[in-house]
Amino acid sequence: MTILNVGIIGLGMAFEQLHYPAFQELPDRYRIAAICDKNSEKLQQWRERLGLSEGDIYADYKVMLKRDDLDLYDIMVPISLNYTVTADMARHLSGSGKGIICEKPVAGNLEEARAHRDLPKRYDVPVLIAENYRYNDETNMIREMVQNGEVGDIHYFIYNRFIDFNSEQHQGDKFASKEWRQKPDYAGGAVLDYAVHDLAALRHIFGPIDRLHAFGRPMEESYSPYFVVNTNIRFKNGVTGQFSFYCAGRETQAPFIGLRIFSTRGTIYLENRDCGTINIAYNDGTRREIPYAPQRGYHNELLNYYNFRVYNEALQVTPEMAYGDARTVFAILRSIREDTIVPVDVEEKKGLLSKLRS
C-alpha cells in the first residue's frame, strides 16, 4: 500500500491531541517524516517520540519545503497565521502534486478567508480543510437523515453550544489555555475560533444560508467581544432556526439543549458531539437510538485525503466550503454591530465584502 510522507508544521495541541492520534491509526497510509516548530525543546521531544533524525526537524517551514520526499504538509498554526502560511506554501508547491491540510478557521478576517478560498485554483495545489465537524460521523448521519426525510419535512431547529472559557483558560490541557486565544488578534475571538465549527456542521446538514440576524451581549474579557451570541438563521432551502453560542459559562441542566431538529414526523436530537447517540422521537410515540463513534472527524479527513491522492476521490471539505463557514461568522459579527439582517451565501457584490470585514 502506498504510504504518504507528511511534514508537520506546528507541534501544539491540535497536533498532539487531534491529528497525531489520527495518524497513529493509519500507519499503513501515512508516515510523519519531518516536523517544524519554533520551539526547539518541543522539536526534540517529538523527534525522539517519532523516531526522527536531527535532519528531519526544522525551525523554519520554508527550509522543509526544499525536501523532495514529502507528499503532504499538515499546517497547525494560530488562526491569524493560517492564511499567510498556507498561501506561502501553496506558492512554493504550485503544480508539484504535493498537497496541504490546513486547520480552521482558515483566516482571522474575511479578506484573507476569501483569498484562502482561491488558493487551490490560483496555484494548482490540493488543499483539504480539517473541519472535523463536517467529517464527524454524527454530522454526516444527521445530514443523511434530513436529506432522506427520516422525520419528514424540516420545520425548524434549535442549537445551543457552550464553552466555559473562563475555567478552561486555566487548564493546561485545554485549547483556551493558549495565550493567543486569550488575547486574540483575529476578529470575533472565541466566536470565530469555536462557533465556526458548529456553523460548519449546520451548513453541512442544511446547505447554504440565505440570511441571518444576530444579537450579542457584550463583555469586557479579551477572549471574545460577546459572552453570548444569539442568531436567527434562514437557509436557502427554507429551513429556519436559532443558533446560540455561549462562551462564558456552562450548561448545568441535563440533558443539554444540544441540537434539536423539529419536523413533520418527529424530532432529531443530539445532546452533544461526544454523547455517542442520536435520538429520534417520532410523532406516533416510537423512538430510535442510533449509536455512533464520537470524534472520528480527524480520522475521516485523513482517509479522505489519502483516497483523494491514491484513488482520485474528491476532497470533501475545500477552502471554498471553509470560506463560507468563516463568512457566516463574520456575517454574525456584522449583524450584531449594525443590528441588521445580513445575507450570507450570495454572489458578492461591490461593497459587500468591505461591509462584512471586521
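Residues that are of a type in the set (F, W, Y) and more than 18 Å from the chain's Cα centre (by Cα): which strands (runs of 3 or more DSSP E) entirely in the range 202-247 hold 1 or more of them? Steps first, please.
Values: elements: 209-218, 226-235, 240-246.
Passing ranges, in order: 209-218, 226-235.
Conditions first: (1) of a type in the set (S, T, Y); (2) over 30 Å from A187 (Cα atoms); (3) surrounded by fewer than 18 Cβ atoms within 10 Å (Cβ to Cβ). Y30 passes all but one, so which condition is the exception?
All conditions pass for Y30, except number (3).
Under 8 Å between Cβ atoms, which residue pairs at least 6 apart in sequence (or on different chains) link something in the range 303-317 that is within 15 Å of R31 (Cα to Cα) with a partner that is of a type in the set (D, E) and outside any helix (DSSP H, G or I)?
Qualifying pairs under 8 Å: R309/D71.
Got at least one residue in the range 39-55 being touching a Gly at 6+ places or on another chain (Cβ under 7 Å) and surrounded by fewer than 20 Cβ atoms within 10 Å (Cβ to Cβ)?
No: the range 39-55 contains no residue that is touching a Gly at 6+ places or on another chain (Cβ under 7 Å) and surrounded by fewer than 20 Cβ atoms within 10 Å (Cβ to Cβ).
Testing A187 on (1) more than 28 Å from I268 (Cβ to Cβ); (2) surrounded by fewer than 21 Cβ atoms within 10 Å (Cβ to Cβ); (3) touching a residue at least 60 places away in the same chain (Cβ under 8 Å), one condition comes back false. Which one is that?
(2)
Please note which strands (runs of 3 or more DSSP E) are completely contained in the range 260-321 and include at least 1 residues that are surrounded by fewer than 20 Cβ atoms within 10 Å (Cβ to Cβ) and of a type in the set (G, A, S). Steps first, answer last, please.
Details: elements: 266-270, 277-282, 287-291.
Ranges flagged: 277-282.
What pairs come out if I take residues in the range 1-20 that are free of Cβ contacts under 8 Å to residues at least 60 places away in the same chain and pair them with residues that are of a type in the set (S, T, Y) and not in a loop (DSSP other than H, G, I, E, B) whose C-beta lies under 8 Å away, six or more apart or interchain?
I3/Y30
It is to be established whether one or more residues within the range 270-291 are within 21 Å of P105 (Cβ to Cβ), among the basic types (K, R) and in contact (Cβ under 8 Å) with a residue 24 or more places away in the chain.
For the range 270-291, residues within 21 Å of P105 (Cβ to Cβ), among the basic types (K, R) and in contact (Cβ under 8 Å) with a residue 24 or more places away in the chain: present.
Go through the range 108-177 and tell me which helices (runs of 4 or more DSSP H), entirely inside it, have 1 or more residues that are surrounded by fewer than 18 Cβ atoms within 10 Å (Cβ to Cβ) and among the hydroxyl-bearing types (S, T, Y). Write out each step before concluding.
On the way: elements: 110-117, 119-123, 132-135, 137-148, 165-168.
It comes to 165-168.
For L52, work out the one condition from (1) in contact (Cβ under 8 Å) with a residue 24 or more places away in the chain; (2) more than 27 Å from K174 (Cβ to Cβ) it doesn't fulfil.
All conditions pass for L52, except number (1).
Looking at the range 1-48, which of its residues are among the charged types (D, E, K, R), in contact with a helix residue (DSSP H, G or I) (Cβ under 9 Å, 6 or more places away or on another chain) and under 24 Å from K174 (Cβ atoms)?
E16, E25, D37
Can you report the number of residues in the range 280-318 which are among the aliphatic types (A, V, I, L, M) and closer than 26 Å to E16 by Cβ?
Start the filter on the range 280-318 by keeping residues that are among the aliphatic types (A, V, I, L, M), which leaves 280-281, 290, 293, 302-303, 310, 314-315, 317.
Narrowing further to those that are closer than 26 Å to E16 by Cβ: 293, 302-303, 315, 317.
So the answer is 5.
Pull up the range 76-107, narrow it to residues that are under 13 Å from Y305 (Cβ atoms) and hydrophobic (A, V, I, L, M, F, W, C), then point me to the one that is surrounded by the most Cβ atoms within 10 Å (Cβ to Cβ).
C102
Check the range 67-76 and report whether any residue there is touching a residue at least 12 places away in the same chain (Cβ under 8 Å), closer than 25 Å to Y186 by Cβ and hydroxyl-bearing (S, T, Y).
Of the range 67-76, the ones touching a residue at least 12 places away in the same chain (Cβ under 8 Å) are 67, 69-76.
Of the ones still in play, those that are also closer than 25 Å to Y186 by Cβ are 73-76.
Okay, now just the ones that are also hydroxyl-bearing (S, T, Y), so 73.
Checking the range 67-76: at least one residue is touching a residue at least 12 places away in the same chain (Cβ under 8 Å), closer than 25 Å to Y186 by Cβ and hydroxyl-bearing (S, T, Y).
Check A201, A254, A248 and return the single one that is closer than 20 Å to L110 by Cα and either of a type in the set (G, A, S) or without any contact (Cβ under 8 Å) to a residue 24 or more places away in the chain (or both).
Values: A254 fails: closer than 20 Å to L110 by Cα; A248 fails: closer than 20 Å to L110 by Cα.
Only one candidate qualifies: A201.
We did not get these values from a lab; they are worked out from the coordinates using the rules stated. As the structure is a prediction and not an experimental result, all values here were calculated from the model. Heads up, the Cβs are rebuilt from the backbone with ideal geometry, glycines too, and the neighbour counts pull from every protein chain shown.
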